[in-house]
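A short reminder: the numbers here are calculations on the coordinates, not readings from a lab. A quick note: this is a predicted structure, and the numbers were derived from the prediction, not measured. Here the Cβ positions follow ideal geometry from the backbone for every residue, glycine too, while neighbour counts run over all protein chains shown.
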Amino acid sequence: MNAPTIVLGVIGADCHSVGNKILDAFFNEKGFRVVNLGVMVSQDEFIDAAIETGAAAILVSSLYGHGEIDCEGFRGRCVERGLEQIVLYVGGNLVVGKTPHEAVAEKFSAMGFDRVFFPNDDLEKAARLLEEDIRARPREPVTERPA
Amino acid sequence: MRDKKMPLAQLLAARPAVLSSWPTGAEVDLDEAFAWQAKIPAAKRFSTAMRAARDARRVLTQPRAGVALIDEHIRLLKYLETEGEADLLPTTIDAYTRQNRYEEAARGIEKSVNAGTSLLNGFPAVNHGVAGCRRVTDAVSRPVQVRHGTPDARLLAEITLAGGFTSFEGGGISYNIPYTKNVPLAKSLQDWKYVDRLCGLYEERGFPINREPFGPLTGTLVPPCIGHAVAILEGLLALEQGVRSITLGYGQGGNMAQDIAAIATLRELADEYFQDAGFSGYELSIVFHQWMGGFPEDESRAFSIICWGAAVAALSGADKVIVKTPHEAMGIPTKEANAQGLRASRQTVDMLADQPRIETPQVLREKEIIRREVDCLLPRVLALGSGDTAAGAAAAFEAGILDVPFAPSVHTRGKILPMRDNEGCIRIFNPGAVPLDDDIAALHREKLAERARAEGRSVSFQMVTDDIYAVSKGRLVGRPR
């Protein structure tokens, strides 16, 4: 199997760039083809990049607390744009205020994210889960894009 | 000395377009704003508090704090004033407002009303307008500062200064490079010239506005010379526009000797460069930011970092310390957690108040290194601008002479690669195009080689990753597992 492509970015008006650079280096080293959109990425920019590169997964980061507002409707938007099967991860400090991880995970799972991560989670474990989740899903049908 | 101040007519001509960029801009009337500022008692003026702290050699405490709604924000600040014993208060602005996305801020306000809790990470001051800001600044008894991260803060400055705030954080470099993706430096520097000129105008009319460039930049392994160069440049830019009260900042690195040396040299070098440029009569103070990197979730461990930062602030002779909270690993703190961080800092700072500054041989050595480095950078930056400080700064970033590590902006090269040495000092492995003298660059490499030998591995990006995670995992230096 070719290296799976993943789209990486920090959503909304968030400019936290340090973790994004570490994730980029880490997932590259793990053999993924990383399309890193950097900070301040809109839902549509994530989806455009995923469609253009035939990505198997979108990894959304949010550190500044507005994750709840910024991620609203993300899964629906993916489906609307034809990405029914894409693996959708979210991680960071996703809500305003100290909230139990379980409550945050439940909220974002209900929003359609496949997995929810927190700042001090183990990256090695995340990479293993990502490989499994990508393998478990059929790839998107290849669609011709108009020139 | 050439007068670089923006002509008043130019500022006045630029104002209508700024004020019409959101409906609340229409509330700003400069003469009425001056009349409002005239009613602010001296005890609530930021510049007065900073000068008094400097004279009394006290370290003032200040939190970060801001929520979506006015009443809730007032309750928060009053709590930090009474229960947190904060000397100075903030109003931290939400991230949508920082990017001039006022429609989204409005949506955040509405959602916060419906949710019964703040869904914004700060106070949307532009949306709340002049009257809303005045309710906040009027309700508290301490000086209040606008803290944010806004590349184009012209409207925010207009509204908050008219709204009774007496200090404004940021600058054309420090609120661009670490805070956004693709705003050209020439643009943010021009917009901040407007902000500085507006502050200078208030100063001329007898209402000093304290200005505080954001020292820590990306808050991640930033070598002291880089932060200092940017801080001094932004200090010069503010002075050129008529600002008199300036607070320069530095974010805790973690090695005590290097941190103490950084605070001492920031004050000394700023004075030297300001005076070389012909300025006098300004009031300079120094702020120390407690650890800006990742925190552990364990609140006891977080308190340890907070108090260590407070201790170094006191022992280095800083005038103000910006305080973190035990909720740092989890994002925006509750008001209770914020007050806890303040009280923990207060206890440490006060216990150290009568103890002398620390000046060991190691501190003196680090001071010498930082001085040499800043003197490698700043004269070149200023020469590049041929008398135009802002042009010099923009050209220096373009050429890579100034470079900020781990920044989101495409307008810094991001080639500089720092990491910790075996004692935890921040050193530069690869300076990119930053023109350090050969002997200084060699010293950095030798220090890192020493760590590599001690750890039995070669110097690599893995060390940087390990360093970035180290504090949240309980250490300063990211040793191999």
Report summary line: Largest fluctuation, A:Asn120, A:Asn28, A:Asn93 only, Gaussian network model of chain A with Cα springs under 10 angstrom, belongs to A:Asn120
Report task. Report ³J(HN,Hα) in whole Hz for each residue of region A:69-82, in order, from the Karplus equation J = 6.51 cos²θ - 1.76 cosθ + 1.60 where θ = phi - 60°; Gly and Pro get x. Result -> 6, 5, 8, 4, x, 4, 4, x, 5, 4, 5, 4, 8, x
Requested in this report: Work out how far the C-alpha atoms of the protein assembly as shown reach from end to end along every principal axis, then list the three figures in whole Å, largest first.
Outcome: 70, 58, 50
Query raised in the report: Between the helical axis of B:256-276 and the dominant principal axis of chain B, each derived from Cα atoms, what acute angle in degrees is found, rounded to the nearest 10?
Result: 60 degrees
Report summary line: Rg (one decimal) and Dmax (whole number) from the Cα set of region B:134-234, in Å, equal 14.0, 41
Requested in this report: Give me A:Leu88, B:Leu89 ranked fewest to most by other Cβ atoms within 10 Å of their Cβ, as a rough exposure proxy.
Outcome: A:Leu88, B:Leu89
Query raised in the report: Please state the relative contact order of region B:42-135 as a whole percent: Cα pairs under 8 Å, 6+ residues apart?
Result: 30 percent
Query raised in the report: Roughly how many Å is it from the Cα centre of region B:109-156 to that of region B:437-469, as a whole number?
Result: 43 Å
Query - Assigned charges on the beta-carbon of Lys, Arg, Asp, Glu; the protein assembly as shown dipole about Cα centre (debye) - result: 460 debye
Query raised in the report: What's the center-to-center distance, using Cα atoms, between region B:219-258 and region A:41-69 in Å?
Result: 34 Å
Report task. For a footprinting-style exposure proxy, rank B:Leu364, B:Leu352, B:Leu156, B:Leu161 by other Cβ within 10 Å, fewest first. Result -> B:Leu364, B:Leu352, B:Leu156, B:Leu161
Report summary line: Taking placed amide H atoms and a strict 5 Å upper bound, the residues 5 or more places from A:Arg33 or on another chain that come that close are A:Thr5, A:Ile6
Query raised in the report: Just how far, in whole angstrom, is region B:386-433 from region B:192-206 if you go by their alpha carbon centroids?
Result: 29 Å
Report summary line: When chain A is treated as a Gaussian network with springs between alpha carbons less than 10 Å apart, the largest mean-square fluctuation among A:Asp133, A:Asp70, A:Asp122 is found at A:Asp122
Query raised in the report: Out of B:Ala318, B:Leu417, B:Gln340, whose Cα points farthest toward the positive end of the dipole of region B:311-452 (charges: +1 Lys, Arg; -1 Asp, Glu; placed on Cβ)?
Result: B:Gln340
**Report entry** Residues in region B:346-371 that a label on B:Glu268 would reach, taking backbone N under 14 Å of a point 7 Å out along Cα→Cβ
**Finding:** B:358-371
Query raised in the report: In whole Hz, what ³J(HN,Hα) sequence does region B:205-211 give by Karplus (6.51, -1.76, 1.60; θ = phi - 60°), x for Gly and Pro?
Result: 7, x, 10, x, 10, 6, 10
Report task. State the antiparallel share, in %, of DSSP beta bridges confined to chain A, rounding to the nearest 5. Result -> 0 percent
Query raised in the report: Using the C-alpha gyration tensor of region A:8-147, what are the square roots of 5 times its eigenvalues, in whole angstrom, with the largest one first?
Result: 22, 17, 15
Query raised in the report: At q = 0.12, 0.21 Å⁻¹, what log₁₀ I(q)/I(0) does a Debye calculation on the Cα points of region B:271-368 give, no solvent, two decimals?
Result: -0.50, -1.03
**Report entry** ³J(HN,Hα), Karplus 6.51/-1.76/1.60, whole Hz, each residue of region A:42-50, x for Gly, Pro
**Finding:** 7, 3, 5, 5, 4, 5, 4, 5, 5
**Report entry** Charge context of B:Ser245, other residues only, Cβ under 10 angstrom, K/R +1, D/E -1
**Finding:** +1
Query - Rounded to whole Å, sorted largest first: equivalent-ellipsoid semi-axes of chain B, Cα gyration tensor - result: 33, 26, 21
Requested in this report: Would you work out which of B:Pro124, B:Ile426, B:Asn114 lies farthest towards the positive end of the dipole of chain B? Charges go on Cβ: Lys and Arg +1, Asp and Glu -1.
Outcome: B:Asn114
Query raised in the report: Going by how many other beta carbons lie within 10 Å of each one, how would you line up B:Met351, A:Met111, B:Met256, fewest first?
Result: B:Met351, A:Met111, B:Met256
Query raised in the report: Expressed as an acute angle from 0 to 90° and rounded to the nearest 10, what is the orientation of the C-alpha long axis of helix B:46-56 relative to the principal long axis of chain B?
Result: 40 degrees
Report task. Of the DSSP beta bridges with both residues in the protein assembly as shown, give the percent that are antiparallel, rounding to the nearest 5. Result -> 10 percent
Query raised in the report: Can you pull the Kirkwood radius for region B:334-481, inverse mean 1/r over Cα pairs, to one decimal in Å?
Result: 18.1 Å
Requested in this report: Ratio to report: Rg/Rh of region B:96-146, with Cα atoms as the point set and Rh obtained by the Kirkwood method; give two decimals.
Outcome: 0.99
Query raised in the report: If you line up the long axis of helix B:102-115 against the longest principal axis of chain B, both from Cα atoms, how many degrees apart are they, to the nearest 10?
Result: 80 degrees
